[in-house]
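The values are calculated or read from the model by the stated rules, or taken from the named source; none is laboratory data. The model shown is predicted, which means the values in this text are computed figures rather than measured ones. Please note: Cβ atoms are built from the backbone with ideal geometry, for glycine as well, and neighbour counts cover all protein chains shown.
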Amino acid sequence: MEMHERIRDLRKNHLQLSQTAFGKKLGVSRSVINNIELNTLARPDQKLSLIKLMCKEFNVREEWLLDGMEPIFIQTPSSIMEQLREEFHLDPFAYSFVYEYLKLDEKKRNLFQCFFYNVLTGMNTGNPPTENSSDS
């Protein structure tokens, strides 16, 4: 797939935008988008700046637009959380719970883990078992 075909694929199949809406987000007309997708842009020097803008505006990897190297989108913390929500069918409480846990610093996460380990195992020692404790 050529770059102009990837741009059309991005707009149409991944972002589900019309040429007009796509162009509006990039500050160009529908005809500029049409010309890019047909690979007939009158000013090819415009293409590089538009590619950079597309990447920034839609969180698209420049490597994908230029060379087709997947993944298409830049992984952001919010996109990863959305993937978790979909994959594990998280309700709003579970989503918030996981998100807030991930925002904790390492020390607070360790305390949290110890607390829940104790709750789940019914122990009150405050320390999870070590590898050698099962040998006792």
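Remark: residue 52 falls outside the filter, which requires a residue to be free of Cβ contacts under 8 Å to residues at least 12 places away in the same chain, among the basic types (Lys, Arg) and either surrounded by fewer than 11 Cβ atoms within 10 Å (Cβ to Cβ) or in a loop (DSSP other than H, G, I, E, B) (or both).
Scanning segment 37-49 for residues that are over 25 Å from the mean Cα position of the chain (by Cα), free of Cβ contacts under 8 Å to residues at least 12 places away in the same chain and surrounded by fewer than 16 Cβ atoms within 10 Å (Cβ to Cβ) turns up 40, 42, 43, 44, 45. For segment 17-36, the tally of residues that are within 23 Å of the chain's Cα centre (by Cα), loosely packed, with under 15 Cβ neighbours inside 10 Å and either not in a helix (DSSP H, G or I) or not assigned by TED's automatic domain parsing to the domain that holds residue 52 (or both) stands at 1.
Close Cβ contacts (under 7 Å, 6 or more residues apart or on different chains) running from residues in segment 84-110 that are free of Cβ contacts under 8 Å to residues at least 60 places away in the same chain to residues that are surrounded by 10 or more Cβ atoms within 10 Å (Cβ to Cβ) and part of a loop (DSSP other than H, G, I, E, B) comprise 84/90; 98/90.
Of the set (1) part of a helix (DSSP H, G or I); (2) under 17 Å from the mean Cα position of the chain (by Cα), all apply to residue 75 but (1).
If I filter segment 78-124 down to residues being assigned to a loop (DSSP other than H, G, I, E, B) and modelled with pLDDT under 90, which single residue comes out as surrounded by the most Cβ atoms within 10 Å (Cβ to Cβ)?
Step one: filter segment 78-124 for residues assigned to a loop (DSSP other than H, G, I, E, B), giving 89-91, 104-105, 122-124.
Now restrict to residues that are modelled with pLDDT under 90: 122-124.
Details: 122: 6, 123: 13, 124: 7.
Here the residue is 123.
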